Structures are given as C-alpha cells and as structure tokens.
Amino acid sequence: MSTLKTEIRPGAYFDSIVLMQLQAALAGLEGIEDAGVVMATASNLAVLEANGLLPEEFSGEAEDLVVAVRGSTEAAAEAALGEVDHLLARRSGEEGDEDYRPRSLEQAARQLPEARWVVISIPGRYAARVSRKALESGRNVFLYSDNVSLEEELELKEAARRKGLLVLGPDCGTAHLGGAGFAFANRVQRGKIGLVAASGTGLQSIACRVHELGEGISQAIGTGGRDLSATVGGITAHQAIDLLGRDPQTQVIVLISKPPSPDVCSSLLAAARGTTKPVVVYFLGQTPPNRQLGDLVFATGLEEAAEIAVRRLAETLDPSTAELVVRSPQQDRRWLRALFSGGTLAQEAALGLRFFLAPLASNLGVEGTIPGSDPARSEGHTILDLGADEYTVGRLHPMIDPDLRLRRLRQEASDPEVAALLLDVVLGDGAHPDPAEHLAPVIAEICQQSEIEVLILVVGTDADPQGIGEQCSRFEEAGAQVFRRLSDAVSYAALRLGRQREASPGPPVALADLASPPTVINIGLESFHDSFQAQGATSLQMDWRPPAGGDDRLLGILDKLNRNGRQRD
Amino acid sequence: MDIDRANQQAVDRLVAARPLLTTVATARDVIPGMRDGLLLHAGPPIEWPRMSGPLRGAILGALIFEGMAETEAEAEALAASGEVAFEPCHHHQAVGPMAGVISPSMAVYVVENPTHGNRAFSNLNEGYGKVLRYGAYSSDVLDRLRWMNEEMGPILASALAQTDGLDLRALLAEALHMGDEGHNRNKAGSLLFLKLLAPLVSEVAPNPASCTRILQFLGDTALSVLNPVMAACKAMADAAHGIEGSTVVTTMARNGTDFGIRVSGLGDRWFTAPAQTPDGLYFSGFSAEDANPDIGDSTITETAGIGAFAMAAAPAIVTFISGKPKDAIHATLEMYEITAGEHGHFTIPSLDFRGTPVGIDLRKVIELGITPRVNTGIAHRLPGVGQVGAGLVRPPMEIFQQALEAFAERYAP
C-alpha cells in the first residue's frame, strides 16, 4: 500500500526551476510513485491536493517549502525524503570559475577536483607546509622546491606512503608522467621504458638517448637526490619501482642514482628483481664486476644504461635464476661468511656483493662495507682476507698453511645464523700441494652436521700440479658447490642470500595517477603551467603568496592553533 | 579544542537562524538596555572628540529630535558635556546603516529568530538625500523622522501584526536570484518588501492618503529593505556568536573613525584600527577628497554571507569594483577562500546555485592575506551632505592580526 510522506521546511526559498528539478529527481527514485515540491502558496497547494499529494490537516505559509512523496512503501518514501539535501546540493559542476586563480589549495582542488598532482615550486621554507596540505587532500606531490629539510622530507614521504601517494622531490627537477614533461624535461616520445631516478640530468640524458634510439619513455619518476639516503630509505624509489612493475606500458625499468646507502640499495634491488621485469641499474661510478644478476643488469654509464634498456626490450626474460630464490629472510640462517686467502679475490667479491648483502663487514676497506668490530669473530655478512697482516703475524700465508682457515671455518660453522661459507682455493706452483687434503674433511663434516652451504672458488688451470679436476671432485664429494669463476660464485651468493623483496608498508600508488594526460595544480613558477598547457596537460595555476604575508610569528601562531586542533581529534 | 568543528557549529547556527520581521516599536520599549540619555551609534565604541563629521551630525540631530537640545550649539555642548552616553548599536542587539544613530524615542524594526530565540533591531530607512544617517539634522530631516515615528511606524506595526512575521531569509534568498547582493543593491528586495507590505498596509491604513504616503515612501527608496535586512543579518550573526573555540568573525562594523571586529570565540572584545576610505565611484561633483572614512554597521551583511560576499549575484553593480561581470564572480570566489562554510539558503545562480560564502574564518584571513570585501556607500566627511559615492573597502589587516593573537593567548597560551 502506498504511503504519502511530507516534509515542511519553513522559510526555505528556492526558485521554482530548482524545485521542479528536485521534484523530477525524487519521482525518479526507486519505489516512488509521485512527488511534489513546491513553495506553499495557495495555488501550489491546490495542485498538490489535486494530485493527492497534500497531507490532511496541512498548515503552512507561502514562504514554506513543501516536499511530498508517495512511495510504494513507507521505507521508500522515507528514503526519498532523506535524499532531498543531497539532490539539492547536486550541481552541474560549471561554477563560472574557469579563469579564477585560487589563492588556497582548497579552492584550487574545488576548481580542478580531478587533479592528481600538485606541482610545487615555491620557496623551500613554505614548501613542506603546502606539500602536507596537498597530501592531506589526497594528491601526489611533485616538489621542485629545494631547501626542504631532511626531516621534513622523511615526514612527507612517510605520510605519502601511508596514503598510497608519491612525493617526487624535494629538489626534483624533472619527470615524465602520463606523457607530459614536468618542470625541466625534454620532449621525448612515449614508449615502454620506465625510469626511476634520483638524478635529474641523469634522467634527462637517458630519456634523450632512449628517444634517439627510436624507443620511448612510459613514465620517468624523479625521486629527489636524497631519497636513497639511509634516512629517507628510498621510500619514493620503492613506490616508483612497484608502480612501474605494475604499469602495463612499462616493459623495462631503469634505475639511476648516485651510490645509495647500502641498506637502501639491497632492499631496492630486491624490489627491482621482484618486479619480474628487466631492470637496468646505474649507480654513478660504481659498477659491480658481476654486471648481470638474473634480470638485473648494471650499466657503466648513462648512455649505456639507455642502450641496454632498449636492447632488453627485444630480449626475453632469463628464467634460469628464478628458482634459486628460495630463502626467506625470516629464516635463522641468513649470513654469508667468506674466508679468502687471496686479497684481490676478496675485494672483487666484496665489490660484487655489497649492493645485495647488508650489512656487509670486511677487513678490506671497500666502500659500502663496514669494518668488523673484532677480527677474531664475525657478525652478519662478512668477507675476510685471511692473508691480511692481522692474520699472518707469526704464521705462514693461508695459501700455504691451511691451519688458520680450518679453525676459522669450524668457528663460522658453529654459528647457528650462518647460511653459507665461501672459500677460495688457489692452485699452482708455490701453493699448498693438496688443498683438499685438509679442507675436504672439514667441509664434509660441516655439510653433514648442518644445513650450511659451502661454496668453493677454485682458481687454477688444468696444467697446475695439484690436478684441478681431482681437487674439484673431492670438494664436491665433500658436499661443496664448486665455482671456477668468481662472478658465478658471487652471483650465486647474491641470489641465495641477497635481501628478499619486502612487502610495501603502505597501500599501492594508483596506476590511474599516471594516466595521460596528467591533471595538475601548479603552485609557483608560472612557466611550468605554460609548459603543461603547451603539452596538452590540464593545469590550474594558483595565485600563491607566502602565508601570513611572510610573517613568521603569525604563521607560528596559525600552525600552533591548527596543530592543537589536530592533536585533540 | 577543535577549531574547525567550532566554526562549523557557528556557521550551522548562522544558516539555521530564521529572521522574521515581526513589528515596529519604540527603541526605548524594546531594545535591551536602552534608556534616556543614551544614544546608540554604528561601529565599535567611540567618544565624542574622535567622532567623524557624519556621526557628529547624526548625534546632534538625535539630541534635537529627542528634545534634549533646542539648537545646534546646545546639542554640541550637551554631546561634549559627558552627560550623554554613547554606546555601539552592537552592544544592544541592534545595527544601523552609516552613522547608525538610534535614540530612545525612535521607531525601530524588531526581528525575531525563533530558531534560537534571539532578537535584533534596526532603525527605519529615511530614503535618500539629506538624512540623519549621513549626519544631516536640518528641520526637514527631523520632520521626516517624526513622520516615520508617528505615522509610518505604527501603521507598519499594525500591518505586521496581521502576519506571523515576514520571513526575511526567504526574501533575501529570492532577492539574490533577482540581481541583489543585499548590501549596495537592494532594489529587488525592496520591491519584494513593498509587495509583501502593500496589502497589509492597505488593510490597516486609516485613509487612502496615509496608505499612499507610506507605500510611496517605501517604494521610492531602493534601500528601504536594507534596515530590516541588516537586523536580520544581526540576528543570524548573533546566533553564531559565543561559540567556544570558534574563529568565525561575528561582527564587522565601522563608526567613521575606526573599523572593528568581534570573533565568536572571543566574547565581546573588539579589535579595532583606523577605518580606511573606500575605493569607488563618486557622484557628480564629488571625489575621494570628500569621502569620510568607512562608516556604518551595514558590514553585518558581509558578516552574514551576503553583500560583497554575494557579489556574483549582482553583476549589475559590478562597475563599483571594476567593470566586467566576471569580476563579480571572482569577488565571490575570493571570499570562499576565507570562509568556513556555504550558505544553505542564499544561493547564486551564476555559480550553479552554490551557497554564498559565509562565516569569515580569522585563520584563513591571516594565512592567505585576504581581508573580507565590503560593498559600501561612501559618506561625505562633512555632516549632512549625504552619500557621495559607492564602492569597495576592506577592513585593515591589523585587526585580524590582533584578534588572532588574542585567540592564541586565550586558547593556546
């Protein structure tokens, strides 16, 4: 049975056109048979009555708004009345504000609600404040401004990560997002190569070279130069790699940075490998001797990084190393202990492993490794040159006298956190006549009594007096894995023990935020706004001015008041 | 303390207030605290020596009107003697345009807000030309005031007695759709007012001549509804006043010397600084040199979310701020930047029926460096010359800074 429900709003004037629209919208709701929305003039009430929409015993003034609905059920009629405010507030979105230059981000966001990026190029002392507001409004930040403190950078990036948003910068000079260049950017064609760069001109050089080679850029994400520092921890780079990993347009990823902090580096490379896309890495001036690890390739320069990336587009992925990644970092056994008799071999191993194993201790003084606290005891991942002076005082070099290394081997094997042992065996004239004689039994003992993997690098030729084939077989029989090339041993160790990809602590950044063309709110340099418009992107220029007229005291009061309000929420 | 929540509450109360014009009565009988020997004036408190020309003239006129002085000289001596008290209209739930002088015997509009149970008052509009509100006090000015008191006031009271009160909020909402902004342009509102009153006045007027005089007088003045509208805005703003922790500005008023504001969460304390001279267009024969500093309580309209805040609704008067209709829209858009809410009843067709910006948030004024816009008439600096132009003025930033500091002292010491 149908039910009539009415609501009277005293003194609520609306133009009749607005009311007719409301009436039509109400009548269109599910379960509504008829609706009447009028100002309560005598003639309007007569119309309501004729349509059976006037409640009995109605009393109202001409200034009163009457909303009457007849629903098939009481619930439907009730629900329709509940929609009135919402329907009245519904607008076309044309507010005549196209060329108004907003002063506040709130107004800007109202004028361009679809904007996913806020581009900020105002003086650094105000930049963090505006960035915070942009993030609070649910938008990504491209932060061109410099002079933003490291603490503020971390705070902003952590806040962004919690919300699944990006902060590119501070001091981020360039990016290509959704097909448009941000700030300083070259006009390059779109393509399948995605860049993550903590280096502005590095990003530009690679993008240009890719373009020259006839390929193009899917997205190029600048992170700001300090992103890969130990303090910031590569928050943006991690998000960017994850994003490009999911981006269907991106087929090859290039990661460029000055040498990152070792801890950040190992986790970032793990994340890169986790994308299952080819990744080209260029850490300025630091190319490891083993340049390829699975689908990860290290370049020696900017142009080469671009060239490798273009080449990799044509290649298929290398599945051979995928099954090696089995260890999870939660397991108790996770450290590598490498006991070298050859100093240069130890150094080369450290150069190859430092990007993947962290913390990595050594007595080699290699950048990216830390000195061990006690020469007699190892901690974490450790690479030792047992031929170094501190170990050879009063005894022969370990190539001749295996005693020290055997004792150390047993000591390392007794550490329940050790996962693998790496040893070198250098054959040839002058070396021990039969290294396996002493080493193989100890290796066998270790392999039988524990789950430790023993990796042996044998350096020699088939003409050496020890008999290289026999030596290798005896090590293998004892349970060791034998390698004839250092880079193979290093790659194996990096794959087995390198950091595993960790789950992101925040929600993923939406791929839609990279949609083409981008929609941005530009705060600061107007030339960026002009550039966006010239590229066909939608940009809204704000008329930004220093808050509180640049009066720090007043600004301090405002921030204090607003902070107090937030804390007590 | 959650300032945003307090401000939302203030705005909600302001919007929910429903000002009804219920009667016309004698100030002495209805205005709280009104007494013989007290004159109310526009703006923040001020003593005789600092009063500007128009206000001084209006005070002299009121003293003669009350019979407290016979001549100008007597009135002047009395005003300076300290035997007459001067207090802001705003201290007595009242408002008045320009000089805003209300004396005990004057007829006043009574506006009631049944939503919150408060009342507000304003004097009656005298029309154009030589008028008390611009400081004129010649005998024709005083004669007109007497006629308003003796004939028009009582008849309007009887007329209104036939209703449950005229809904001024509904009237304003409709007027905004007819090209008014409620402060400088009240043409549509005044016609609506006349339309509502005409049948009521005809019903109660003792004879056709009396009826004609009153309707003619109301109809001749495109500002006749301004005074009840101001009282309506006062009733709305007062409903938003006194909310603990709110930074919403609930009073903006000028006395011709100082511009003053009060803030919802800061009680009755005024924050004042010298009033500025409006930027505007001048009537033939006048220039900025003739202008008195900003004067009047009519800024209560902007305080309540109309006037310059609703400029986008009144493109016809956009010449006062520059020239193009687009500028009228931008004026209103700018005011959204510093307000805490949007009006639920006052909407602007050209902004797709968006509610007018309402509830000036002190914090936003300071942060963005945008002071409220005020549409205003410009008074001659000499008493009795009258209006010389109209234009735009903004309150001095200083008073918002003072208020913010006081707010921080009180709430975040």
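The lone criterion from (1) farther than 23 Å from A:D543 by Cβ; (2) within 14 Å of chain A (Cβ to nearest Cβ); (3) buried (at least 23 other Cβ atoms within 10 Å of the Cβ) left unmet by B:G344 is number (3). Go through (1) touching a strand residue (DSSP E or B) at 6+ places or on another chain (Cβ under 9 Å); (2) away from chain B (no Cβ under 14 Å); (3) not acidic (D, E) and name the single condition A:S43 misses. Every listed condition holds for A:S43 apart from (1). Among the residues making up region A:182-229, a single one is over 17 Å from the mean Cα position of the chain (by Cα), of a type in the set (D, E) and closer than 20 Å to A:V279 by Cβ: A:E215.
Selection over region B:111-123 of residues that are buried (at least 24 other Cβ atoms within 10 Å of the Cβ) and not polar (S, T, N, Q) gives a count of 3. Here region B:347-356 is the region considered, the condition is being hydrophobic (A, V, I, L, M, F, W, C) and at the interface with another protein chain (Cβ under 8 Å from one of its Cβ atoms), and the residue that is nearest to A:D97 (Cα to Cα) is B:L351. Could you please let me know if B:P372 is modelled with pLDDT of 95 or more and either touching a helix residue (DSSP H, G or I) at 6+ places or on another chain (Cβ under 6 Å) or not β-branched (V, I, T) (or both)? Yes, satisfied. For region A:102-112, the set of residues classified as assigned to a loop (DSSP other than H, G, I, E, B) and modelled with pLDDT of 95 or more consists of A:P102, A:R103, A:S104, listed by residue number.
Going residue by residue through region A:500-514, is there one that turns out to be over 22 Å from A:G164 (Cβ atoms) and of a type outside the set (A, V, I, L, M)? Before you say what the answer is, go through the steps one by one.
At the first step, the residues of region A:500-514 found to be over 22 Å from A:G164 (Cβ atoms) are A:500.
From what's left, of a type outside the set (A, V, I, L, M): A:500.
Yes, region A:500-514 contains a residue that is over 22 Å from A:G164 (Cβ atoms) and of a type outside the set (A, V, I, L, M).
Sub-6 Å Cβ pairs linking a first residue in region A:536-554 that is more than 9 Å from every other protein chain (Cβ to nearest Cβ) to a second residue that is small (G, A, S), at least 6 apart or interchain, are A:A537/A:A180; A:L540/A:A108; A:M542/A:A108, ordered by first then second residue.
Evaluated against (1) in contact with a helix residue (DSSP H, G or I) (Cβ under 6 Å, 6 or more places away or on another chain); (2) over 28 Å from A:I383 (Cα atoms), A:L514 falls short on exactly one condition, (1). Of a type outside the set (K, R), touching a Ser or Thr at 6+ places or on another chain (Cβ under 7 Å) and at pLDDT 95 or above: is that true of B:L404 in this structure? It is false that B:L404 is of a type outside the set (K, R), touching a Ser or Thr at 6+ places or on another chain (Cβ under 7 Å) and at pLDDT 95 or above.
Of these, B:I317, B:I338, which one is within 14 Å of another protein chain (Cβ to nearest Cβ), on the phi < 0 side of the Ramachandran plot and touching a helix residue (DSSP H, G or I) at 6+ places or on another chain (Cβ under 9 Å)? First the steps, then the outcome.
Working: B:I317 fails: within 14 Å of another protein chain (Cβ to nearest Cβ).
Exactly one residue qualifies, and that residue is B:I338.
From the set of residues in region B:173-224 that are aliphatic (A, V, I, L, M) and assigned to a loop (DSSP other than H, G, I, E, B), which is surrounded by the most Cβ atoms within 10 Å (Cβ to Cβ)? Explain how you work it out, then say what you get.
Restricting attention to region B:173-224, the residues satisfying the condition of being aliphatic (A, V, I, L, M) are B:173, B:175-176, B:178, B:188, B:191-192, B:194, B:196-198, B:200-201, B:204-205, B:209, B:214-215, B:218, B:222-223.
Right, trim to assigned to a loop (DSSP other than H, G, I, E, B) and you get B:178, B:205, B:222-223.
Numbers: B:M178: 16, B:A205: 19, B:A222: 17, B:L223: 22.
If we take residues in region B:173-224 being aliphatic (A, V, I, L, M) and assigned to a loop (DSSP other than H, G, I, E, B), then B:L223 is surrounded by the most Cβ atoms within 10 Å (Cβ to Cβ).
Restricted to region A:140-166, and to residues there that are under 16 Å from the mean Cα position of the chain (by Cα), outside any helix (DSSP H, G or I) and of a type outside the set (A, V, I, L, M, F, W, C), the residue that is farthest from A:Q541 (Cα to Cα) is A:G164. A:L302 meets all of the listed conditions (1) at pLDDT 90 or above; (2) within 14 Å of A:R501 (Cα to Cα) but one, namely (2). Among the conditions (1) more than 28 Å from B:T115 (Cα to Cα); (2) touching a helix residue (DSSP H, G or I) at 6+ places or on another chain (Cβ under 8 Å); (3) surrounded by 16 or more Cβ atoms within 10 Å (Cβ to Cβ), A:A27 misses just one, which is (2). Filtered by the rule that a residue be touching a residue at least 12 places away in the same chain (Cβ under 8 Å), within 10 Å of another protein chain (Cβ to nearest Cβ) and touching a Lys or Arg at 6+ places or on another chain (Cβ under 9 Å), region B:357-411 gives B:L368, B:G369, B:I370, B:L404, B:F407.
Mind checking which residues of region A:1-20 are within 14 Å of chain B (Cβ to nearest Cβ) and either part of a loop (DSSP other than H, G, I, E, B) or without any contact (Cβ under 8 Å) to a residue 40 or more places away in the chain (or both)?
At the first step, the residues of region A:1-20 found to be within 14 Å of chain B (Cβ to nearest Cβ) are A:8-20.
Listed by number, the residues that qualify are A:P10, A:G11, A:A12, A:Y13, A:F14, A:D15, A:S16, A:I17, A:M20.
For region B:161-196, a residue qualifies if it is closer than 13 Å to B:P228 by Cα, in contact (Cβ under 8 Å) with a residue 40 or more places away in the chain and more than 14 Å from chain A (Cβ to nearest Cβ), and the qualifying residues are B:H183, B:N186.
Looking at A:I523 and the list (1) surrounded by 14 or more Cβ atoms within 10 Å (Cβ to Cβ); (2) over 27 Å from the mean Cα position of the chain (by Cα); (3) within 14 Å of chain B (Cβ to nearest Cβ), which single condition is not satisfied? Only one criterion in (1) surrounded by 14 or more Cβ atoms within 10 Å (Cβ to Cβ); (2) over 27 Å from the mean Cα position of the chain (by Cα); (3) within 14 Å of chain B (Cβ to nearest Cβ) is unmet by A:I523, namely (2).
The values are calculated or read from the model by the stated rules, or taken from the named source; none is laboratory data. Here the structure is a predicted model, which is why all the values come from computation and not from measurement. Neighbour counts are summed over all protein chains in view; Cβ atoms, including those assigned to glycine, are modelled from backbone coordinates with ideal geometry.
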